[in-house]
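The values are calculated or read from the model by the stated rules, or taken from the named source; none is laboratory data. No experiment lies behind these values; they were computed from the predicted model shown. Here the Cβ positions follow ideal geometry from the backbone for every residue, glycine too, while neighbour counts run over all protein chains shown.
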Amino acid sequence: MEKDLVIFDGSNFYHGAKRLSPRTHLTDFSYRALAEEIAGSKNIEIEYCVGEIVQKKHHDKSFKLYANQQALFYNLEKQSIAIKKGFMLYSKLSFHEKGVDVQIALDISIGAIKNKYRKCYIISSDTDILPAILEARAEGKKIIYVGFDKTISRMMKANCSKMICIKKEMIKKFSS
């Protein structure tokens, strides 16, 4: 039986979860348990897509962000979750994630064309990936948009096969 695919847009998930439950620590969160509940199955592949933070000399914030991200990566690896890395561009005194949306779009499109999944659950409200979603649906795949309570993307909802809403209780349920 084909596995379903669950894709976490790391930054999108972080901000959505923090909006619902600000005190939740996501470095030790049960991502696999949440993904299994969303998909209603244990027969899933899970990807976590995120910009990789590098330590920048004389930039204390980058060292703290890097340490937290390494703790997150360790937690994801313990749960057998594939980590797909983009990169972080530092400009104008802040970090900007690059390459993550493209990675997600490729995984959706190529996975659909090569028949690597039956259903794909996308935990992201980023409409930049809509062309990939439409291509996968044209290939006959079910694409399920997983959004956050009170911040649902109308465009994602309208262009996916189905929508699931993550509520505060779900975030708390899978927190350590």
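In segment 54-73 there is no residue matching the filter, namely being under 23 Å from K162 (Cβ atoms), assigned to a loop (DSSP other than H, G, I, E, B) and not basic (K, R). Scanning segment 134-157 for residues that are farther than 15 Å from R19 by Cβ and either out of contact with any helix residue (DSSP H, G or I) (no Cβ under 6 Å at 6 or more places or on another chain) or among the aromatic types (F, W, Y) (or both) turns up L134, R137, A138, G140, K142, I144, Y145, R154, M156, K157.
Within segment 1-38, if we keep just the residues that are small (G, A, S) and under 17 Å from L72 (Cα atoms), the residue that is nearest to the chain's Cα centre (by Cα) turns out to be G10. Exactly one condition in (1) acidic (D, E); (2) part of a helix (DSSP H, G or I); (3) surrounded by 13 or more Cβ atoms within 10 Å (Cβ to Cβ) is not met by E77; state its number. Status for E77: all satisfied but (3).
Output the residue which, of all residues in segment 39-72 that are of a type in the set (D, E) and at pLDDT below 90, is nearest to the chain's Cα centre (by Cα).
Narrowing segment 39-72 to residues of a type in the set (D, E): 45, 47, 52, 60.
Then keep just the ones that are at pLDDT below 90; that gives 52, 60.
Values: E52: 14, D60: 27 Å.
Result: E52.
Among the residues of segment 146-169, the ones that are in contact (Cβ under 8 Å) with a residue 24 or more places away in the chain and of a type outside the set (A, V, I, L, M, F, W, C) come to 9 in all.
Summed over segment 1-28, residues that are modelled with pLDDT of 95 or more and acidic (D, E) total 2.
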